[in-house]
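One structure is given below, encoded as structure tokens.
The values are calculated or read from the model by the stated rules, or taken from the named source; none is laboratory data. Just so it is clear, the model here is predicted, and its values are computed rather than measured. Neighbour counts are summed over all protein chains in view; Cβ atoms, including those assigned to glycine, are modelled from backbone coordinates with ideal geometry. Note: areas computed on protein heavy atoms with side chains; ligands, DNA, RNA excluded. Shrake-Rupley method; radii C 1.70, N 1.55, O 1.52, S 1.80 Å.
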Amino acid sequence: HRSEGSDLGELAAERNYYGFLAASDIGAETRLNHVPSNIPTVDLEFVRSQQGFQRSLELYAVDDLINARREWRQAFGPLTSNQKAAAAWLAQSHGWLDQSIIAANAALLHNDLDLRFPQVFATIYGRAGHATNLATSTLLAVTRQESAFAHRARSRANTAPQSTN
């Protein structure tokens with residue numbers, strides 16, 4: 001028979017809502033359990049050499065997101081797990097954060113928090129946090145959840161309804 005404290009200690013080691021609650025209850029540090037991906041060079045070079053990814057990144061660079069995503073999906077589909085991890089890194093290295101997050105999730109890189117939860121735009125989020133009196137981490141979390149940092153995403157919250165008269 002285990003004690004409740006022991007059960008909470010084990011739960012507090014997990015990176016999820018209940019693990020964070022357990023850590024808070026017992027006064028333990030929250031564990032994020034970050035494990036960076038070890039992407040083999042051969043997989044990264046393979047992904048970089050694929051014409052579909054090259055076209056996709058060029059289309060992304062000129063802001064043709066519809067065609068960039070089409071090319072990406074076509075090239076991404078047949079990849080191995082390691083190659084998908086390499087593609088996630090490639091997208092992030094080009095600033096295509098939403099695609100990087102999607103690819104990291106598809107590659108099951110649950111513990112690579114740098115890919116899945118990028119810490120970006122520190123100056124912009126710092127200013128916004130100061131102006132709104134919200135923590136930078138809160139602003140990053142909302143952006144990550146709502147748009148995965150897709151730069152074209154726009155909120156409809158401040159849009160006035162159209163008159164039907």
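A few remarks follow.
- Within the accessible area of segment 1-140, the carbon and sulfur atoms contribute 53%, probe 1.4 Å, all protein chains present.
- Extension gain (nm, one decimal) between Glu58 and Gln74, 0.36 nm per residue minus Cα-Cα: 4.3 nm
- Read-out Cα extents along the principal axes in Å, derived from the coordinates shown; its label in (1) 58, 38, 26; (2) 46, 39, 21; (3) 58, 58, 33: (3)
- Å² of accessible area per residue within segment 94-139, as computed with a 1.4 Å probe and no ligands counted: 57 Å²
- Annotation: per residue accessible area for segment 3-55 equals 69 Å², rounded to a whole number [probe 1.4 Å, protein chains only].
- Karplus-derived 3J(HN,Hα) values for segment 58-67, using 6.51 cos²θ - 1.76 cosθ + 1.60 with θ = phi - 60°, are 5, 5, 4, 4, 9, 6, 9, 5, 4, 6 Hz; glycine and proline are entered as x.
- Simple spin-label estimate for Ile124 and Thr41 gives 3.4 nm between the two label positions (7 Å along the Cα-to-Cβ direction from each Cα).
- If the chain linking Ala141 and Asp114 were pulled fully straight, counting 0.36 nm for each residue of separation and taking away their Cα-Cα distance, it would gain 8.4 nm.
- For the chain, with +1 on Lys and Arg beta carbons and -1 on Asp and Glu, the positive-most of Ile39, Leu8, Val62 along the dipole: Val62
- Inter-probe distance in nm under a simple model that places probes 7 Å from Cα toward Cβ, at Ile26 and Thr132: 3.5 nm
- Within the chain, helix-based [θ] at 222 nm, where runs of 4 or more DSSP H residues each add -39,500 (n - 2.57), nearest 500: -18000 deg cm²/dmol
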